[in-house]
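Comments concern the structure below.
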Amino acid sequence: MKQADKFIAVEAEKAVTDVDSPIDGKITKINEAIIDDPAGLNSSDMEKNWIVEVK
């Protein structure tokens, strides 16, 4: 993953917005739970509200 590459697409009711990566790096882990339940991103629990780990 390179800085400014498409990182994630965020879908709302009427639009899809692409979010660019803020850094260069290699994705080492993906939070699969967020794929099935994106509401977890609103959690205050840091064990639930992450998207990916980057090294």
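Structure summary
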{"quantity": "Average accessible surface area per residue within the chain, 1.4 Å rolling probe, Å²", "calculated": "85"}
{"quantity": "Computed accessible area, Lys6, all protein chains, 1.4 angstrom probe, square angstrom", "calculated": "130"}
{"quantity": "Carbon + sulfur, % of accessible area of the chain - ligands and nucleic acids excluded, 1.4 Å", "calculated": "52"}
{"quantity": "Inter-site label distance for Ala12 and Asn31 at 7 Å from Cα along Cβ, in nm", "calculated": "2.0"}
{"quantity": "Alpha carbon Rg of the chain, scaled by the compact-globule rule 2.2 N^0.38 Å", "calculated": "1.19"}
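The values are calculated or read from the model by the stated rules, or taken from the named source; none is laboratory data. All figures in this text were calculated on a predicted structure; none of them were measured in a lab. Backbone-built Cβ (ideal geometry, glycine too); neighbour counts: all protein chains shown. For accessibility, only protein heavy atoms count, side chains too; no ligands or nucleic acids. Shrake-Rupley method; radii C 1.70, N 1.55, O 1.52, S 1.80 Å.
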